[in-house]
1. Does any residue in segment 82-99 that is without any contact (Cβ under 8 Å) to a residue 24 or more places away in the chain and more than 14 Å from residue 57 (Cα to Cα) come within less than 7 Å, Cβ to Cβ, of a residue that is surrounded by 12 or more Cβ atoms within 10 Å (Cβ to Cβ) and of a type outside the set (Gly, Ala, Ser) six or more places away or on a different chain, and which pairs are these?
2. Tell me which residues, restricted to segment 172-213, are in a loop (DSSP other than H, G, I, E, B), without any contact (Cβ under 8 Å) to a residue 60 or more places away in the chain and of a type in the set (Val, Ile, Thr).
3. Within segment 133-162, how many residues turn out to be within 20 Å of the chain's Cα centre (by Cα), hydrophobic (A, V, I, L, M, F, W, C) and surrounded by fewer than 10 Cβ atoms within 10 Å (Cβ to Cβ)?
4. Filter segment 1-13 down to residues that are at pLDDT 95 or above, of a type outside the set (Phe, Trp, Tyr) and out of contact with any Ser or Thr (no Cβ under 9 Å at 6 or more places or on another chain), then give me how many there are.
5. Please work out which residue is surrounded by the most Cβ atoms within 10 Å (Cβ to Cβ), limiting yourself to segment 123-132 and to residues that are part of a loop (DSSP other than H, G, I, E, B) and touching a strand residue (DSSP E or B) at 6+ places or on another chain (Cβ under 8 Å).
6. Search segment 1-52 for residues being within 18 Å of residue 206 (Cα to Cα) and part of a loop (DSSP other than H, G, I, E, B), and hand back the single one that is nearest to the chain's Cα centre (by Cα).
7. Being in contact (Cβ under 8 Å) with a residue 40 or more places away in the chain, of a type in the set (S, T, N, Q), touching a strand residue (DSSP E or B) at 6+ places or on another chain (Cβ under 9 Å) and not assigned by TED's automatic domain parsing to the domain that holds residue 118 is the requirement here; does residue 44 meet it?
8. Based on what the data block shows, is residue 69 surrounded by fewer than 13 Cβ atoms within 10 Å (Cβ to Cβ) and at pLDDT 95 or above?
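The values are calculated or read from the model by the stated rules, or taken from the named source; none is laboratory data. Keep in mind the model is a prediction, meaning the values are calculated, not measured. FYI the Cβ positions are ideal-geometry reconstructions off the backbone, even for glycines, and counts take in every protein chain you see.
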Amino acid sequence: MPQRPERFFWLYIKQVNQAVAANIDIVNQQFAGSWTACGLRCTSCVSSQAVSDRLWLFRLETTKKKVATNFNRQLMAHIKGLGSQFGLPQPAKRQTNLPQPLVCPRVAEKGTWWKTDVGLHSVNDPCNGMLVTYTYHEGRRYYVPHLQLCALTKLCQKIELAWKGAACSCWRSASGCCGVGCFDCFQTHCADCDGTGWKDFSRWVRRGYQVDYSSGLPMALV
């Protein structure tokens, strides 16, 4: 698959007000300015004036695994220092356990245990920043309920509907495409998705990478 020429790293801080967030942003910008191995931009993505969960996006301009890994190491050290510097009630962390941001409402059905999020892949690997789905069981870690074939079929239908609403049409020009759009099909230089596979990615960038956390989930504002 063609790699996008950048990787996204997300800083997540739970429930701080705008004044604290503004001071953290200053420190984040200083950290970003100290990085010289490649291009790097840091953006504060949540602009709520109320107490809110917050996200910062570090957009690293590289395809080199070694550079990305070294940056991740330095970013983790930076994040660790934020807690003591600002007296945060809960530790700051690099967000990797959810797609960031979500690009459509969570896919779920009353009476079922599964929930699916559609968003941009947040793990530091070659698929970083691309459209992906995560399906969860939010109950106990062990003894996850069985997913029978009828339920799996229904789940796939709902995910396919959400995916079609989010996926960029640039996959249609790919040779031997899978038929719905995937990592190997999206076009790296597409003006709409910029290779992410999300049809509204460029619109989201023009709006300043803004995220709405009022629902408790990081929803992209486009």
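1. Correct list of pairs: 83/91.
2. Scanning segment 172-213 gives a single hit, 180.
3. Residues that pass the stated criteria total 0.
4. Looking only at that region, the number is 2.
5. Narrowing segment 123-132 to residues part of a loop (DSSP other than H, G, I, E, B): 123-130.
Add one more test, that the residue is touching a strand residue (DSSP E or B) at 6+ places or on another chain (Cβ under 8 Å), and what stays is 124, 128-130.
Values: 124: 19, 128: 21, 129: 25, 130: 23.
My answer is 129.
6. 45
7. On the way: in contact (Cβ under 8 Å) with a residue 40 or more places away in the chain: no; of a type in the set (S, T, N, Q): yes; touching a strand residue (DSSP E or B) at 6+ places or on another chain (Cβ under 9 Å): yes; not assigned by TED's automatic domain parsing to the domain that holds residue 118: yes.
So residue 44 fails the test.
8. Working: surrounded by fewer than 13 Cβ atoms within 10 Å (Cβ to Cβ): yes; at pLDDT 95 or above: yes.
When the stated conditions are applied, residue 69 passes them.
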